[in-house]
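The values are calculated or read from the model by the stated rules, or taken from the named source; none is laboratory data. This one's a predicted model, so the numbers in the text were calculated from it and none came from an experiment. Ideal geometry is used to build each Cβ from the backbone, glycine not excepted, and the neighbour counts take in all protein chains shown.
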Amino acid sequence: MTNISKYNIDELERRIGYIFKDTNLLITALTHSSYANENRHGISDNERLEFLGDSVLELVIADYLYGMFEQYKEGDLTKIRASIVSEGSLAEIARSIELGEFLYLGKGEANTGGRNRDSILADAVEAIIGAVYLEAGISKASELIIHLFTPIIKKSFEGKGFQDYKTQLQEILQKNSDKGINYHVIEEKGPDHNKEFVVEVHHNGQVIGTGKGKSKKEAEQQAAKEALKKIHG
C-alpha cells in the first residue's frame, strides 16, 4: 500500500507498546485524508478509525477513573476525563513518541506544519487506538491506552493537565441557569490542508464568546476561554 519501511513499523510499535499482526491497519491509522486524496488508488484515510478510537478511549478512561478513584464525585471525574482525552493532551502524547514523523500527509499539509498540528496528531492517536481495538479487542486497547496515557493522567490529578475551558464554562453557567450551551461554526477559512475554524458559543440566545483554531475542537475551547474571561471580568 505504501513504502513505509519495516524499521519504521517496528520502531513505532516499540514506542506504543503493541505489535500489529496486520500492519495495514497501522498504516491506515497513520494516513491523513490529505495523503489519501492525493493518492487515489484505494488508499483509506484514518477518519473511520479515529471515530472508533475516540469512543474506545472515552470508555477506557472512564472505566479506569471509576475503578481507581472511588473518592471522586461524578462532576470531578467528568472534568478529569475531559482533560485527559482533550485534543491538547492527545497531541502531547503524540509528540512524546514523535508520532508526527510516521504520518502519511499530503504535500500541502506536510509543507504547512501538519506533522506538528494538534488536531492531526490527536486524530492519529485515536486512530491507532481504534486499530488496536479492531485487531485485538478492548483488553489490548485498554493496555495501550493506559501505557500511553499514564503521564497525562498523573498530570491531570496534579492539576497540571490541559485546561478544559468548555467544561469550566458549563459548570459555571449551570449553577445559575438551566439554559443550554451551544457551539456554532460560523466560518471556515483556508485550504483543506490549512483550515481555520471560527466558532461562537451561545447561551440564553446570546453570543458569549468567539474563538479560532485549526480544528473545531480547538476553536470551541478558545470560544469558551473568551466567555470565561468575560464572566470573570
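Please find, within the stretch 130-173, the residue that is modelled with the highest pLDDT out of those that are of a type in the set (S, T, N, Q) and either touching a Lys or Arg at 6+ places or on another chain (Cβ under 6 Å) or surrounded by 13 or more Cβ atoms within 10 Å (Cβ to Cβ) (or both). Top of the filtered list is 142.
Here residue 201 qualifies as surrounded by 14 or more Cβ atoms within 10 Å (Cβ to Cβ) and either touching a residue at least 24 places away in the same chain (Cβ under 8 Å) or over 30 Å from residue 110 (Cβ atoms) (or both).
Each row is one residue, and each column tells you yes or no for (1) without any contact (Cβ under 8 Å) to a residue 12 or more places away in the chain; (2) in the same structural domain as residue 132 (by TED's automatic domain parsing); (3) within 28 Å of residue 169 (Cβ to Cβ).
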position	(1), (2), (3)
26	no, yes, no
31	no, yes, no
46	no, yes, no
58	no, yes, yes
71	yes, yes, yes
76	yes, yes, yes
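Quick check, is residue 225 within 28 Å of residue 112 (Cβ to Cβ), under 18 Å from the mean Cα position of the chain (by Cα) and not assigned by TED's automatic domain parsing to the domain that holds residue 118? No; evaluated as a whole, the condition is false for this residue. Within the stretch 97-111, the presence of a residue that is assigned to a helix (DSSP H, G or I), of a type in the set (Lys, Arg), surrounded by 14 or more Cβ atoms within 10 Å (Cβ to Cβ) and in contact with a helix residue (DSSP H, G or I) (Cβ under 8 Å, 6 or more places away or on another chain) is excluded.
If the condition is being over 20 Å from the mean Cα position of the chain (by Cα), under 17 Å from residue 24 (Cα atoms) and surrounded by 13 or more Cβ atoms within 10 Å (Cβ to Cβ), then the stretch 37-86 contributes 39, 43. Is it the case, given these coordinates, that residue 143 is assigned to a strand (DSSP E or B) and of a type in the set (D, E, K, R)? Against the criterion (assigned to a strand (DSSP E or B) and of a type in the set (D, E, K, R)), residue 143 does not qualify. In this structure, does residue 12 turn out to be aliphatic (A, V, I, L, M), in a helix (DSSP H, G or I) and within 19 Å of residue 137 (Cα to Cα)? Against the criterion (aliphatic (A, V, I, L, M), in a helix (DSSP H, G or I) and within 19 Å of residue 137 (Cα to Cα)), residue 12 does not qualify. Within this structure, residue 193 passes the test of being within 18 Å of the chain's Cα centre (by Cα), of a type outside the set (Lys, Arg), surrounded by 12 or more Cβ atoms within 10 Å (Cβ to Cβ) and outside the structural domain of residue 35 (by TED's automatic domain parsing).
Residues of the stretch 86-93 include none that is out of contact with any helix residue (DSSP H, G or I) (no Cβ under 7 Å at 6 or more places or on another chain), free of Cβ contacts under 8 Å to residues at least 60 places away in the same chain and among the hydroxyl-bearing types (Ser, Thr, Tyr).
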